[in-house]
Amino acid sequence: MLLETVVYAICMSERLLHGVPVSDERIQAWADEAERGYDLADLPAPRPGRPPVGEGPADTVAVYLDEQTLRGVRGTLCPRGDREQF
């Protein structure tokens, strides 16, 4: 029980968001915003599942590839320039 309390205290005392320190003022601003509530019309519409590739609606397609083709696909560059990992 003591270990859980110590770990919790350490995590809460750092107050990091993605590795960046967060001030008490910023936390209070988030709390004030949440207490005021949110207008649901201003929030983006929820999209279930993974986003489609391309512009239009997408279908799920199961593909079986031989070893040579799969190696070729794994070596294909992504639009960002780095290699996609499967």
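The values are calculated or read from the model by the stated rules, or taken from the named source; none is laboratory data. These figures come from a predicted structure and were not determined experimentally. Backbone-built Cβ (ideal geometry, glycine too); neighbour counts: all protein chains shown.
Among residues that are in a loop (DSSP other than H, G, I, E, B) and modelled with pLDDT of 80 or more, ALA45 is included.
For first residues located in the range 57-74 and within 30 Å of ARG47 (Cα to Cα), partners that are aromatic (Phe, Trp, Tyr) and lie 6+ apart or on another chain with Cβ distances below 6 Å form the pairs ARG74/PHE86. Looking at the structure I just gave you, is TYR64 of a type in the set (Phe, Trp, Tyr) and over 30 Å from LEU16 (Cβ atoms)? The answer is yes for TYR64.
With respect to the conditions (1) at pLDDT 75 or above; (2) among the polar types (S, T, N, Q); (3) part of a helix (DSSP H, G or I), SER13 falls short on a single one, namely (1). Filtering GLY56, GLY37 for residues that are at positive phi and either exposed (fewer than 10 other Cβ atoms within 10 Å of the Cβ) or among the hydrophobic types (A, V, I, L, M, F, W, C) (or both) leaves a single hit, GLY37. The numbered conditions (1) at pLDDT 85 or above; (2) over 30 Å from ARG15 (Cα atoms) are all true for GLY37 except (2).
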